[in-house]
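Structure, as structure tokens:
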Amino acid sequence: MTNTGKAPEGRAAPQCRLDTLLAEVRACRACETELPFEPRPVLCASTSARLLIVGQAPGTRVHETGIPWNDPSGERLRRWLGMDRAFFYDQRHVAIIPMGFCYPGRGKSGDLPPRPECAALWRERLLDCLPDIELTLVIGRYAQQYHLPDTGRSVTATVRRWREFLPAVLPTPHPSPRNQLWLRRNPWFESELVPALQRRIRELFPQRFA
């Protein structure tokens, strides 16, 4: 059947359904009593996006600004992708849907894990509204456990298997400055995986990255 881009009579167009769903997510207060601050779900998406970026949960700076990956981790992530800020934040091309949408608070060794309510309530519904995704970048343990559930709990072991998951999925460690030691211990990541990631990005967006 030819996809005309038009919804059948009586049904909402995909972008209309996604817009409604995003509004519901941004109004979500399901775990309000468990959060350190007022809920502020941070995500962005469009039905035309071809790249899906799945991180953990917003940090404090992202919570304050409402802009995903608006911190040093985001700067490194954009270098890995070979993207400038303008294209990275163009939701016509890039969807950013972390495992947790609100800042979860801080524990003894860093930020707490993403709240599980987000995935249970919203994740599959959101993914169903993204028909054109061709590459999903799964960043860190929680994203990999969800999108690559059979790979175990070790980020290093999962990322080492990156060739097995292309062209549809690519696992990476978190680009946080705290992971500098991991990057030094695993030089193959930046010498092998990052160039492959940038090649895949050029394949997805040939007009932008010729």
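Before moving on, here are some points about what is shown:
- Inter-residue pairs, beta-carbon under 8 Å, first of a type in the set (G, A, S) and in segment 105-117, second surrounded by 15 or more Cβ atoms within 10 Å (Cβ to Cβ), 6+ apart: G105/L35; G105/D111; G105/L112
- Residue check, R202 farther than 30 Å from T33 by Cα, among the basic types (K, R) and touching a Pro at 6+ places or on another chain (Cβ under 9 Å): no
- Some residue of segment 61-72 being aliphatic (A, V, I, L, M), at pLDDT 95 or above and under 20 Å from L135 (Cβ atoms): no
- Qualifying positions in segment 41-65 - farther than 21 Å from Y142 by Cα and not in a helix (DSSP H, G or I): S46, T47, S48, A49, R50
- Flag for C102 being in a loop (DSSP other than H, G, I, E, B), touching a Pro at 6+ places or on another chain (Cβ under 9 Å) and either modelled with pLDDT of 95 or more or among the hydroxyl-bearing types (S, T, Y) (or both): yes
- Of residues in segment 66-99 being touching a residue at least 40 places away in the same chain (Cβ under 8 Å), out of contact with any helix residue (DSSP H, G or I) (no Cβ under 8 Å at 6 or more places or on another chain) and assigned to a loop (DSSP other than H, G, I, E, B), the one surrounded by the most Cβ atoms within 10 Å (Cβ to Cβ): Y89
- Scan of segment 105-119 for residues that are at positive phi and not in a loop (DSSP other than H, G, I, E, B), ordered by number: G110
- For segment 133-169, a tally of residues being buried (at least 18 other Cβ atoms within 10 Å of the Cβ) and among the basic types (K, R) returns 1.
- Flag for R161 being within 15 Å of the chain's Cα centre (by Cα) and over 16 Å from A57 (Cβ atoms): no
- Among the residues listed as L130, L121, the single one being hydrophobic (A, V, I, L, M, F, W, C), over 15 Å from the mean Cα position of the chain (by Cα) and surrounded by fewer than 20 Cβ atoms within 10 Å (Cβ to Cβ): L121
- For the condition of a type in the set (A, V, I, L, M, F, W, C), touching a helix residue (DSSP H, G or I) at 6+ places or on another chain (Cβ under 8 Å) and assigned to a strand (DSSP E or B), V138 qualifies.
- Count - residues of segment 170-209 that are closer than 17 Å to S154 by Cβ and surrounded by 13 or more Cβ atoms within 10 Å (Cβ to Cβ): 11
The values are calculated or read from the model by the stated rules, or taken from the named source; none is laboratory data. As the structure is a computational prediction, the values presented were derived from the model and not from experiment. Note that each Cβ is placed from the backbone with ideal geometry, even for glycine, and that neighbours are counted across all protein chains shown.
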